1. Take G104 and decide whether it is at pLDDT below 95 and surrounded by fewer than 16 Cβ atoms within 10 Å (Cβ to Cβ).
2. Against the condition among the charged types (D, E, K, R), without any contact (Cβ under 8 Å) to a residue 24 or more places away in the chain and either outside the structural domain of F85 (by TED's automatic domain parsing) or surrounded by fewer than 17 Cβ atoms within 10 Å (Cβ to Cβ) (or both), how does E121 come out, does it pass?
3. (1) over 25 Å from N122 (Cα atoms); (2) assigned by TED's automatic domain parsing to the domain that holds E135: which one isn't true of T13, the others all being true?
Amino acid sequence: MMHPYKCQVCGETYLGETPPDRCPFCGAAGSELKKASLWYNRGKVAMSPQSYDNCKKALDLELNNAAFYKCAAGKAANRISQSIFKRLFKQELEHAKLLAKAMGIEVPALPPGECKGSDGENFVEAHQHEDMAIEFYMQAAADAEKGGEPEVAYIFRNLTEIETEHLMLTNLYK
């Protein structure tokens with residue numbers, strides 16, 4: 001029997017008999033998919049000016065990464081690369097929505113995306129994008145934890161884990 005599960009990170013709904021290993025929308029661990037009746041809507045999150053600035057920087061980073069992946073998907077030489085870049089585009093866009101919601105703002109427009117001419121070059125660049133995001137998100141999570149902001153730390157810890165998955169994926173193809 002199918003049941004609705006909602007992702008605690010992005011809020012999207014998955015229908016299935018059991019939750020998947022990863023959220024198909026944002027890439028969060030399957031343990032973040034809760035039965036819809038147990039899901040908690042965070043909405044806007046109370047945060048310090050430093051955490052707000054970190055969220056703003058993360059939002060810009062996610063939008064730029066989404067634009068990069070959209071470009072890379074459009075230039076992909078084969079269906080496999082195209083599928084990977086398209087999925088990463090959609091997940092980065094979900095992360096931007098998560099951050100904007102936590103900040104209590106609308107999601108800004110996607111900037112123009114720039115990418116390289118070959119899949120190999122784009123996977124190398126993707127690896128760099130993900131590595132930079134992971135480093136920043138780990139620091140932002142630590143900042144939030146020190147500041148007594150568990151909701152903000154939760155967001156950044158999850159983003160770190162998801163971007164680590166992206167890093168491993170892009171590493172396979174670079």
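1. no
2. yes
3. (2)
Each row is one residue, and each column tells you yes or no for (1) of a type outside the set (G, A, S); (2) surrounded by 14 or more Cβ atoms within 10 Å (Cβ to Cβ).
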residue: M2; (1), (2): yes, no
residue: K6; (1), (2): yes, yes
residue: T13; (1), (2): yes, no
residue: E17; (1), (2): yes, no
residue: Y40; (1), (2): yes, no
residue: S51; (1), (2): no, yes
residue: C55; (1), (2): yes, yes
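The values are calculated or read from the model by the stated rules, or taken from the named source; none is laboratory data. Small disclaimer: the values here were computed from a predicted structure and weren't measured. When we count neighbours, we look across all protein chains shown, and the Cβ atoms used for this are built from the backbone with ideal geometry, even at glycine.
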